[in-house]
1. Which helices (runs of 4 or more DSSP H) does region B:209-308 wholly contain that include 2 or more residues that are on the phi < 0 side of the Ramachandran plot and in contact with a His (Cβ under 9 Å, 6 or more places away or on another chain)?
2. Working only within region B:12-46, note down all residues that are within 11 Å of chain A (Cβ to nearest Cβ), at pLDDT 95 or above and not in a loop (DSSP other than H, G, I, E, B).
3. Being part of a helix (DSSP H, G or I) and either within 9 Å of chain B (Cβ to nearest Cβ) or touching a strand residue (DSSP E or B) at 6+ places or on another chain (Cβ under 6 Å) (or both): is that true of residue A:47 here?
4. Among the residues of region B:77-111, which ones are at the interface with another protein chain (Cβ under 9 Å from one of its Cβ atoms), in a loop (DSSP other than H, G, I, E, B) and within 18 Å of the chain's Cα centre (by Cα)?
5. From the set of residues in region B:154-197 that are acidic (Asp, Glu) and closer than 21 Å to residue A:88 by Cβ, which is least open to solvent (accessible area, probe 1.4 Å)?
6. Just one of B:247, B:300, B:265 is modelled with pLDDT of 80 or more, farther than 30 Å from residue B:156 by Cα and surrounded by 12 or more Cβ atoms within 10 Å (Cβ to Cβ); which is it?
7. Looking at (1) over 23 Å from residue B:159 (Cα atoms); (2) crowded, with 22+ Cβ neighbours inside 10 Å, which one does residue B:76 not meet, given that it meets all the others?
8. Can you report the number of residues in region B:122-152 which are open to solvent by less than 80 Å² (accessible area, probe 1.4 Å), at pLDDT 95 or above and of a type in the set (A, V, I, L, M)?
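The values are calculated or read from the model by the stated rules, or taken from the named source; none is laboratory data. Just so we're clear, the structure is a prediction, and the values are computed from it rather than from any experiment. Using ideal geometry, Cβ is built from the backbone for each residue, glycine included, and neighbour counts are taken over all protein chains shown. Note: accessible area is taken over every heavy atom of the protein model, side chains too, but ligands, DNA and RNA are not part of it. Shrake-Rupley method; radii C 1.70, N 1.55, O 1.52, S 1.80 Å.
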Amino acid sequence: MTFKNLFIEHERSKEEQDWVEEELAEQGQRFEKIEQNMRDLAPERARWYEEFFDRLSIRGFNADGDQKVKIKREDLPVKPEGQEDRVVWKYGTESDETEK
Amino acid sequence: MARPHIEPFVDRDIAFKNMLLPGFGRGMSYKILSMDNETGACTMTVQLAGGYSQVPGFSWSEWEMIVIEGELQLDGRTVRKGHYFYVPAGYAMPAVSSEKGALLLMMYNTGEPSLVEATDHHALCQTNLYHDVDTYLDITWAPGNIVKPSVASGVMIKLLNYNPISHAMTFLYCMTPAFYQDNISYHDCAEESYHLWGTSWMMQFGDVPTGGYFWRPAYINHGAFASEFGCIALGRVDSKLYNHFHYNPWSTPVQNQKRAAARVYQRDPLLYRWMVSYSHNHPHGPEDFEQTVQLRGKDYPNNEPATDGHQHSHWHTHEHHHDDDHDQ
């Protein structure tokens, strides 16, 4: 991650390797649980999207800081037909099947 | 390939585990929040039992830490909640202890947690980068509009660390009570956050309470945003933070990335054209001459200044003669 990204080369011991693998396995399970929780949240989220669109058209979209722009109802987006409401993407763009 | 998208996650939902990696001693327990599946770099909440002590030593990885609760003793001083450390790889920290125990957020940036007993820094350590500060008492809140387009009023930040090359940042941020911001955002960088206190809400993920955490890869939608009673959190980005705001909740990461590239094309067409043509697609980027230019070095001949640093020999003395013949 951040900053100078300096990593001093060294050999990872078997003990450290085992520890990393165990934690990664747990992380995999944690991710699956999060993904399921977010699928389960979809009906409530659909209501939040509609409330968001109402606020955009009545009170405005935060274009930059406190600068608000009211969005006409006809300019609000439509959910693509057949597309799942997905909010979790394991590796970001790499997990997205959309044509790159 | 890097860390997966962990959002939302609350560390209160899992139990601490004893740290058994060598060097850390007894009385340290942890919860992994996210981990890079190649390097082992990770973020974790750490609990130190009362009476914990740790030998002096360095890590192979650079790391950061903020005290969430409790106290630490090191180097003849006591640090308390809100104290932040940035520790370069190979930097030998003094012995650390906690008389009454402590809760910490620790971030190992480039490798798995490691502690090699040592009182001297590693020869490769960039020791000048080390710093620590009491973020609660010794840094004041600043408006959150450090980038444009910016967040709405009501977000305040304290910058803790900044990389002038990558523009990566570590910062505290807070949302004031009744904060809201009606847009959807994504960034060209990964983003991480841990809620030290309080609850915020995002339209995709719901409430993130105290102990709430996310690691979010680039180009993933998040927002609208709100916080009913306020919150304070530690945030990080791994490169330049740019807010791509929009209001389409169904755009995907690839669509968001294409939009970001389209905006580069619209804003910097000459640069964009150069980057996508003539095979200028090296994965590590083109050469930056400031990083590769040959420098004079210590043994360069006649390297002392020849002037006092106040001379501009290109300036012409302003001689004004009243009897000159002027054309005008």
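1. Working: elements: B:253-267, B:269-276, B:289-292.
The qualifying helices (runs of 4 or more DSSP H) are B:253-267.
2. Answer for region B:12-46, where residues must be within 11 Å of chain A (Cβ to nearest Cβ), at pLDDT 95 or above and not in a loop (DSSP other than H, G, I, E, B): B:17, B:30, B:31, B:32, B:33, B:34, B:35, B:42, B:43, B:44.
3. Working: part of a helix (DSSP H, G or I): yes; either within 9 Å of chain B (Cβ to nearest Cβ) or touching a strand residue (DSSP E or B) at 6+ places or on another chain (Cβ under 6 Å) (or both): no.
No: the conditions fail for residue A:47.
4. B:88, B:89, B:109, B:110, B:111
5. Initially, region B:154-197 is screened for residues acidic (Asp, Glu), giving B:182, B:188, B:191-192.
Keeping just the survivors that are closer than 21 Å to residue A:88 by Cβ gives B:188, B:191-192.
Values: B:188: 59, B:191: 30, B:192: 7 Å².
Here the residue is B:192.
6. On the way: B:247 fails: farther than 30 Å from residue B:156 by Cα; B:300 fails: surrounded by 12 or more Cβ atoms within 10 Å (Cβ to Cβ).
Exactly one of B:247, B:300, B:265 is modelled with pLDDT of 80 or more, farther than 30 Å from residue B:156 by Cα and surrounded by 12 or more Cβ atoms within 10 Å (Cβ to Cβ), namely B:265.
7. Of (1) over 23 Å from residue B:159 (Cα atoms); (2) crowded, with 22+ Cβ neighbours inside 10 Å, only one is false for residue B:76: (2).
8. Of the residues in region B:122-152, 5 are open to solvent by less than 80 Å² (accessible area, probe 1.4 Å), at pLDDT 95 or above and of a type in the set (A, V, I, L, M).
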